[in-house]
1. Among (1) in a helix (DSSP H, G or I); (2) of a type in the set (A, V, I, L, M); (3) modelled with pLDDT under 90; (4) under 21 Å from the mean Cα position of the chain (by Cα), there is one condition I34 misses while meeting the rest; what is its number?
2. Given the criterion without any contact (Cβ under 8 Å) to a residue 60 or more places away in the chain, assigned to a helix (DSSP H, G or I) and among the aliphatic types (A, V, I, L, M), identify the matching residue among L66, L77.
3. Is it the case that I396 is of a type in the set (V, I, T), surrounded by 24 or more Cβ atoms within 10 Å (Cβ to Cβ), modelled with pLDDT of 95 or more and assigned by TED's automatic domain parsing to the domain that holds A518?
4. Just need a number here: residues in the range 537-583 that are of a type in the set (G, A, S), under 22 Å from L37 (Cα atoms) and not in a helix (DSSP H, G or I).
5. Only one of these conditions is not met by A150: (1) under 30 Å from F3 (Cβ atoms); (2) in contact with a Gly (Cβ under 6 Å, 6 or more places away or on another chain); (3) of a type in the set (A, V, I, L, M). Which number is it?
6. Determine whether the range 44-56 contains at least one residue that is farther than 28 Å from V603 by Cα, buried (at least 20 other Cβ atoms within 10 Å of the Cβ) and of a type in the set (S, T, Y).
7. Is it the case, given these coordinates, that S496 is of a type outside the set (K, R), touching a Gly at 6+ places or on another chain (Cβ under 8 Å) and assigned to a helix (DSSP H, G or I)?
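The values are calculated or read from the model by the stated rules, or taken from the named source; none is laboratory data. Only a predicted model underlies this, so the values are computations on that prediction, with no experimental measurement involved. When we count neighbours, we look across all protein chains shown, and the Cβ atoms used for this are built from the backbone with ideal geometry, even at glycine.
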Amino acid sequence: MGFYIVQILTGLSSAAALFLVASGLSIIFGVTRIVNLAHGSFYMLGAFIAYTLITHIGGGAVGFWLGILLASIAVGLIGGLIEITIMRRVYRAPELFQLVATFGVILMIQDIALLVWGPEDLLGPRAPGLEGAVDIMGTALPLYDLALIALGPLVLLGLWLLFNRTRWGVLVRAATEDREMLGALGVNQAWLFTAAFVLGSILAGLGGAAQLPKGGADLLMDFGILAAVFVVVVIGGMGSILGAYLAAVLIAELNTFGILFIPQSTLVLMFLVMVVVLVFRPWGLLGRPERPGQLGEVGELELPYKPASARLKALFVLFMAGLIVLPMVTPDYIVLVIDMMIFALLAASLHFLLGPSGLVSFGHAAYFGIGAYSVGLLVQYFSTPMEIALFFAPLIAGLFALSVGWLLVRLTGVYFAMLTLAIAQVVWSTAVQWTGVTGGDDGLLGVWPSAWASEPKIYYYLVLILCVGGIIMLRHSVFSHFGYAARACRDSALRSEAIGMNVKLHQWLAFSWAAVFAGLAGGLHAFAKGSVFPDTLDIAQSFDVLLMVFMGGVKTLSGPFVGSTAFTWLNDQFSNWELIRDYWRLLLGMVIIFIVIAFPQGVAGALRQHFGRFFGVETEVR
C-alpha cells in the first residue's frame, strides 16, 4: 500500500513543475492570445540561471531558495524584454502568425544557452535541509518531493488572490474576455500585455528552477516539456489556471502509473487523454467555448485570391525553364533543390488548410511522415517498386486523414490546432515505440528509388514533375467549386450553413485533400534520403512547415513556395557555415524574427505589395 501512496505523491510532485509552466502559458495566452512556443525556453532558462546563482551564492537553504527566486525574476525580466522588443511589433499581425516570432526566439535562446553554459548536462544541487527521505509504510519518498507538492497549491492560491483580489487581476481577466472594450475604457493594453508576459515567464522560470534538484539542466529541456505543457493547458481549458492545475495533476499521475504498468504507453498516453477530453469537452475541463473569430484565424484576407496574371504566368514559365536546366548547369545543388521542391509541396498542402480553408494545423508533419513510412514499409517488407509505393503514399495519408478528420472538425480555433498536434504525437509515438515494424529510432534504411530513377538527375526531374504538378493541383483547387465553398466556410460558417452548405463536411474534405499532398511529399522525401526516421513526424517538423508558410505569407498563393525555399536555403547555408557552425540557430532565429517584424504579411505578401502592379496583381482593396 505504501508503494502506491508514494507513487501518487511522486505524481503530485511532478505535477508542480508542470503546473507552474502551464499556468504561465495560460496567462500569456489568455491576455495576449499568443500561442507562445518559446515558453519551454523560459523553463530551460530558469533551470540554467538557478544553477549558476545557487552555485555562486551558496549559503545553505537561504542561498538555495534565494537562487530559485532570483532565477525566476531574471527569466521574467528576459520575458518582458522579449515582449517589448519583439512581440509588441507583431501584435498587429495575424494572431497565429505571431508563433513564427516565438519560434525564432526558441532558436536564439537555444544557442545562447549553448554559448553560456556549454553542451554538457548540468547536475542540479540538492536542496539544503531536504536531502533525505520520509518513510511511508516501508517506501521512501524524497523530502524535496513534499516541498514541490506544497509549492503547487501555494502558487495556485497566490494566483487566485492576484486575479480576484487586485485591480490588476481584474484588468487581466477583463482582457481575456474583451480586449477591445478594455482599450476603449482607457486601459494601457501595451503595459498590461507586458506585465502578463512577465508573470507568465516568471512562472515558467520558477518551474525550471524548482525541478533543478530532481532533473538538472540540459539543452533539450525546452522541447522536452513543451508538448506536455500544451496538453495540460488545452485539457484544463485555455486561460483557466485551476483547469491547468487539475490537468497537470491528471497528466502527471497518468505518466507515473503509466511508466509503472504500461511503459510502452508513456509517449502516447497523455495525447490519448487529450483526445478523449476534447471529444467530450471541446474547450477543455474548465475552459469556455471560443467566440467566432476569437482565435484560430490567420487574419482577414483583405485581398481575395486571384488567378495568375499573364505576366506571372510568363515568370512561372521562365522559372520552370531554370529548374529544368539547373542539373545541367550546377549539378552540385541537385540535392538541395530536391529538398526545396519537396518542402514546397508540403508547405503548399498546409497553406491550403491555413489560407483557403481557415484550418490551423500544428501536426501537419504527421501526414508527411505517414507518406514516408508508407513508402518505407512497402519497400522494406514487400519489396514494392517505387512507382507503386509512391501511389500508396498519398492514398494512405489521405485515408488516415479521413479517419481522424471527422473528429477534428468538431473543434475550432486553437483546440482544433492542438488536437491535430495530439494526433500527430500519437502517430510519432507509434513510430518510435513499434520498433519491431518501424525500427524505432533506428528507422527504416535502404529505401531507394527504382533503378531507372537511381541517378540523382533523373530523380530530380521526377520530383520536379510530381511536386510542381501537386502545387498546380492545389492552386487549381482554390479556384474550383470546392475551393470557393471552403473559403465561404472560412469567412462565415453561419451564413454558409444558412444557405444549405455542410460546413463540417467541407472542412473534413479540405483537411483530407491537404493530407494527400503532404503524403506525396513524404513519399518523395523517403526515396530522396534512402531512409525514414521518426523525426519526419515530430513536433519540430510540423513547426518548421508552419514557419515556411507564414514566412512566405498566408495571404498569397505563392507564399508557401517562397517561404519553403527561403527557409530550406537559410537552414542549409547557416548550418554549413564554418564560422557559426555551432551557433547557426542563433543567426537563423534572428533572420526569422527580422522577417516577421519587417514583413508581417510574409515575404511573398511584401513582394506583391511593392511589385504587384508590375505583374498585374491587385495590391489594394477596391
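1. Going through the list (1) in a helix (DSSP H, G or I); (2) of a type in the set (A, V, I, L, M); (3) modelled with pLDDT under 90; (4) under 21 Å from the mean Cα position of the chain (by Cα), I34 breaks only (1).
2. L66
3. So I396 does not fit the description; no.
4. Of the residues in the range 537-583, 1 are of a type in the set (G, A, S), under 22 Å from L37 (Cα atoms) and not in a helix (DSSP H, G or I).
5. (2)
6. There is at least one residue in the range 44-56 that is farther than 28 Å from V603 by Cα, buried (at least 20 other Cβ atoms within 10 Å of the Cβ) and of a type in the set (S, T, Y).
7. no
Here is a yes/no grid of residues against (1) surrounded by 24 or more Cβ atoms within 10 Å (Cβ to Cβ); (2) over 19 Å from K555 (Cβ atoms); (3) in contact with a strand residue (DSSP E or B) (Cβ under 8 Å, 6 or more places away or on another chain):
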{"position": "L312", "(1), (2), (3)": "no, no, no"}
{"position": "V317", "(1), (2), (3)": "no, yes, no"}
{"position": "M320", "(1), (2), (3)": "no, yes, no"}
{"position": "V329", "(1), (2), (3)": "no, yes, no"}
{"position": "Y333", "(1), (2), (3)": "no, yes, no"}
{"position": "L345", "(1), (2), (3)": "yes, yes, no"}
{"position": "V360", "(1), (2), (3)": "yes, no, no"}
